[in-house]
Each structure stands twice: as C-alpha cells, then as structure tokens.
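Below is one structure, written out as structure tokens, with a few remarks after it.
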Amino acid sequence: MMGSGRFSRSALALAGVVGLSVAGLPAIALAQAAGKETSAGKRWEEEFSLWQKVSSGSDVAAYEGYLRQYPGGTFASMARLRIAELQAAAKSRAEAEAREAAAGAAQTDAAAGEVAEETSAGKAEAERQAAADKAQADEIARLKAEADEKEATARRLAAEKDATDKARADEIARLKAEAEEKAAAARKLAEEKDAAEKARAEEVARLKAEAEEKAAAALRLAEEKDAAEKARAEEIARLKAEAAEKEAAARKLAEEKAAEAERLRAEAEAALEKAKTEEAARLKAEADRQKAEEAAAAERARAEEEAAARRKAEQAAAEERARIEEEAAAARKLAEETAAEVERLKAEAAKAAAEAEAKAAEAARLAEEAARRAAQAASAGEGQAAAAQDDAEAAQDDAAAGRDVAATDDEEEAAGETAESRDGAAESAERDARAAEADAARREEETWQKAVLDGSASSFQAYLDEFPTGRFVADARERLAALAGQAKETATAKAVPERKPATARETVVDSRESYLQPANRAQAQRWLSALGFDTRGADGVFGPRTRTAIAAWQRTAGFRADGYLTRQQYRALREAARYVEARQSRRQRAYREDYGGGYYYEDDGYYGGGSVVIIPGY
C-alpha cells in the first residue's frame, strides 16, 4: 500500500511536469506570436514572469493568486490543473499516512494477537486470523477502489489536458497558417511587383533602344546629307577654281602679250617718227575696235538677257511638266537637279575659257599688228631684212615642229641681242620671229580646226604627227580614244540591221523619248552634228548611227551613255548647241570687223559647212 501511494505521487508529479512542459511550449509560441502586438507585449511579459515564479514551486496558494490576477490568462488552465494535481497529491499523502497508521495498528494488533494466540486457544487464533485476513482484503479492495478512482481522475485530467493542448495546437496551427498565407501573399505581391518592375525596365530599355536607333538613323542620314552637300560644294568649288585658274592664266597671258605689244609699239614710235600717221590710224582703228567690242558686249548682254528669259520660260514649262508628270521619283529629280547644276557650272567654265581665249586672240592680234608695223618700218636695209628673213624662217620651222620652248628661247635671245646692240636689224629680226611664231600658232590652230571639223581619226592623227608638242595634243589624243570607242559601238550597232520606216516617225518609241516629236528628233540630230557628233543626216529617225552619236555626246557631257535622250539631256544638248552657234557667230563677226573680210574666218564655205565641238578643259 505504501508503494502504491508513492507511485501515485510520482505519477502525479511527473504528469504535472510533463503537462507544464507540453503546455508551456505552445503557450510560449503563442506568446511569441502575440508579442508582435505592441499593446499586449508588456502584459505578456508580466504574466509570463509571474507564471515562472509560481510554476517553480508547489504552493497551491501561489497558483490561486495567479488565477485571481489572471483568471483568463495564457496559463490559467495549466494553473487549475496544477492546483488539482497538488490537492490530489495532498489527499493521497493523507490517505497514505492513515493507511500507514492503520498498518502499524494492525501490526501491533497482530503482535498482540500473536501473544494472545500463544496464550489463547487455537480457535481464537484462527478467528482472529480470518478476521485479519478479511480486514486486509477489505482494505485492499478499498485501496484498489481508491486507486481506480484516482486513475480515472488522472485519466480525465489527462484527457482534459490533451483537449486543451489540441485546442492550443490548433490555434497555433491556425495562426501559423494565417501567417504563412500572409507571407505567401506578401511574396506573391513582391513577385508581381518585381515582375512589373522588370517588365517596366524592359519596356524602358526597349523604348530607349528604339530611341537610340532612331537617333542613330537620323544622325546617319544627316551625315550622309552633309557628306553629299560637302561633296557637291567641293565639286562646285573645284570647277569654279579651275575656271578661275584658266581665266587667270588667260588674263595673265593676255596681259603679257599686251605688255609686249605696248613695248614694241613704244619702241616703234621712238625709232620711227615717220610711222606717226600710221600710228594715228591704228589708234583710230583701236577706238573703232573698242566701240565694236562695246557693241558686241551690249549684244552679248542682250543675248544673255534673252537666254535668261528663255531659261526662266523653260524653267516654268519644266515645272509645269514636272507637276503633270507625277510618276517622276524624288531621287531622279534630285539627280537631275544635281546634273543640271554641274552642267551649268561646266557651261560657265566653258564660257570663261572662251572669253579668255578671245582675249588671248585679241592680244595675239595686237602683237601681230605691231610686228607688221615694225616690219614695214624696217624695210630700209636689204641685208638686215635678209638676215631677219633667215631668222624668221628658222623660227617658222621651229614653230611648225611644235617646239614652243625653243621658240621662246629664241625670242628671249633675240630680245637680249636687241637690248645689247639696240640696232634696227636685231629689232626687225625679233619682230619677224614673233610674226613667224604667230603664223605657226595660226597654222596649228587652223590644222586643229580642220581636224575637229573633219572629225575623223586620221585628221587628229595628222595633227599629232605635225605638232607632236602642240597645244591641243591632249585633246587630240582624247578625241582619238573617243573615236576608237565610238568605232567599237558602231561595229556593235552594225550587227543590228538599220530600220527602214515608211515615215519619219519611228515605229516603236521608247518611253524615255515619248516627249520628242519628229521635228524635235531632227533638231537633236542637227545639234549633235553641230557639236561634232555626226549623225549623217537629220531625218528625225534615231537609228544605230544616231544612238551612237548620242552615247558619245553623253559620255563627254557626264551622263550615262545609254543612247537615249531624257528631257534634261535634251535641254542640255540644246544649250550646248546654242552656245557653240553663238560663240562661232561672235568670233566670225569679230574677225570680219578686224580683218575686213580676211580668209581666216571668212564665210567662204571652208567653215560654213563644218562643225564645232566643245572639248572639256579647252
């Protein structure tokens, strides 16, 4: 019985400790979860501190004080369970002590019975033994009932504790689930926010990349446009510089020749007083020539004004046609404008070169006139004249051979001799040499003009053979190369039989030349022939020969040599032909006025039926 009581107290104590540890962990976890709330944190700390003090002992009054202070606290159920356990333990101890006292009394009674047994009869001893056995059996039954009752009570308390622990575990699980749900929601929100930020960053990067690409494309277009403008400006500047250089060179040559002519005139006036009448006549002729030049300048100004007005009218017509022709592409329009600008600059350069050439010719004419006046004045001495004639023939032979450098050396040597001797024979020889040089230059130009008018490879080769170092050697070689290419194209064109239309209009008209009427086609053929690209007639039909002439002209004018005339090329051909015709007319008129109908530019049929060609760089 004593063993069973100690076992019961140990079981109750162990149950209390286990209940405290099992119930304390969820309570602590719950307290930690609730500790996140700022308002309940301090109260929880005070309650937990008091519970630690109370649970460390076994005083029922301390547990009852905790319940009075915190009747609905976190550890209230545990406190009540602990009070019940302590009260049961106290009751068990009291019962155990009573049982021990009863056992002692029983032992004493047993000892007394044993003594009495020794003195009493055996029957009495048997009865007492039976009574003792019965009492002991009753006591065992009572203790067993009490143990069963205590076991049921402990089982009930354990069940209540398990229910309480389960409820607390469920509450903790619920709070944990809620916390996990909130954490999952927060993670999901963070992930959505990160995804949105990432998408936004990608969109910003894409927009930035697109903006950078557009900016790069715009910069590239601007650079290409600047490069094109720069190249165009450089080309214009180059052409203008070349024209200026040529004009400066021609002006310088004219000034040198004019200075030389003035020096010869002054020497002739100082040496020959009898030439005063002739000099007065020359001055009068010079005044007349200046008047003629002024009249020619006025005529040129009027022609230029008419040409400007005609260009304006053509420009207006071109704008009207451009408006009607909506199918023309912007790139083609730009190319045509650029080509027109280059053509205009070429025309200006050619015009400047022509003016410089006219000035040079005028200076040469003045020099020849001065030489002629001096030669007439120096006819007194036959021996001196014979020597001068020999020198002139030698200078003429040198000029005929094309050795301009040697002729210049002879001139400088003759000039030195004139400066040293100051005699009339040396002066006459120098004048004759210069006259021979002018005659050689005139013969060279005449040969060149004949070659240009003839337009054949043999004529240009003859010029090169006669003047291997002449002024037009490079042009003659270029023309020979062009004629060689033209001959190849003609041979190719001969492989295709020439059409024989029944009328002047072609049977099939290319779309690029649909604007040309038969009269326009015939006029284009005449213009080509006037520029040196002979079409062998102007019948208004563009056959292989005309196509070859058009292609040759296109190459010299800077166009693509396809043999078909566009509107822009037709206008350029017209302007070039008109310029050549006006130039030829001015030169013929000027030489008629200066030489009084001399043979050089006399309209005697020699140049009347020929052709003139504009050679680039001439």
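The values are calculated or read from the model by the stated rules, or taken from the named source; none is laboratory data. Since the model is a prediction, treat every value here as computed from it, not as a measurement. FYI the Cβ positions are ideal-geometry reconstructions off the backbone, even for glycines, and counts take in every protein chain you see. Areas reflect the complete protein model, heavy atoms only, side chains present, ligands, DNA and RNA absent. Shrake-Rupley method; radii C 1.70, N 1.55, O 1.52, S 1.80 Å.
Residue-wise test of (1) assigned to a helix (DSSP H, G or I); (2) within 23 Å of residue 584 (Cα to Cα); (3) at pLDDT below 70.
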position	(1), (2), (3)
450	yes, yes, no
453	yes, yes, yes
458	yes, no, no
464	yes, no, no
476	yes, yes, no
489	yes, no, yes
492	yes, no, yes
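Condition check ((1) surrounded by fewer than 20 Cβ atoms within 10 Å (Cβ to Cβ); (2) at pLDDT 90 or above; (3) touching a Leu at 6+ places or on another chain (Cβ under 8 Å)) across all residues:
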| residue | (1), (2), (3) |
| --- | --- |
| 49 | yes, yes, no |
| 64 | yes, yes, no |
| 67 | yes, yes, no |
| 74 | no, no, yes |
| 94 | yes, no, no |
- Task: State which residue is most open to solvent (accessible area, probe 1.4 Å) when the search covers only the stretch 542-570 and only residues that are outside any helix (DSSP H, G or I) and hydroxyl-bearing (Ser, Thr, Tyr).
- Result: 564
- Failed item, numbered, when residue 480 is tested on (1) at pLDDT 85 or above; (2) over 19 Å from residue 551 (Cα atoms): (2)
- Task: Collect the residues in the stretch 254-277 that are aliphatic (A, V, I, L, M) and open to solvent by 70 Å² or more (accessible area, probe 1.4 Å), keeping them in residue-number order.
- Result: 270
- Taking into account only those residues within the stretch 576-596 that are open to solvent by 60 Å² or more (accessible area, probe 1.4 Å) and assigned to a helix (DSSP H, G or I), which is farthest from residue 325 (Cα to Cα)? 595
- Output the qualifying pairs, or none if there are none: Cβ atoms under 9 angstrom, residues six or more apart or on different chains, first residue in the stretch 520-541 and closer than 11 Å to residue 573 by Cα and crowded, with 18+ Cβ neighbours inside 10 Å, second residue at pLDDT below 90 and acidic (Asp, Glu). 530/581
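Yes or no, residue by residue, for (1) in a helix (DSSP H, G or I); (2) modelled with pLDDT of 85 or more; (3) under 13 Å from residue 369 (Cα atoms):
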| site | (1), (2), (3) |
| --- | --- |
| 232 | yes, yes, no |
| 237 | yes, yes, no |
| 261 | yes, no, yes |
| 269 | yes, no, no |
| 274 | yes, no, no |
| 279 | yes, no, yes |
- Query: Mind checking which residues of the stretch 278-309 are open to solvent by 40 Å² or more (accessible area, probe 1.4 Å) and of a type in the set (Lys, Arg)?
  - Reply: 284, 291, 300, 302
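Per-residue answers, yes or no, for (1) farther than 30 Å from residue 87 by Cα; (2) loosely packed, with under 11 Cβ neighbours inside 10 Å; (3) free of Cβ contacts under 8 Å to residues at least 24 places away in the same chain:
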position	(1), (2), (3)
159	no, yes, yes
162	no, no, yes
165	no, no, no
174	yes, yes, yes
181	yes, yes, yes
186	yes, yes, yes
191	yes, yes, yes
196	yes, yes, yes
200	yes, yes, yes
- Note on the structure: Pairing a residue in the stretch 129-147 that is closer than 18 Å to residue 105 by Cβ with any residue that is open to solvent by 60 Å² or more (accessible area, probe 1.4 Å), where Cβ atoms lie under 9 Å and the two sit 6 or more apart in sequence or on different chains, gives 132/109; 139/1; 140/1; 143/1; 143/4
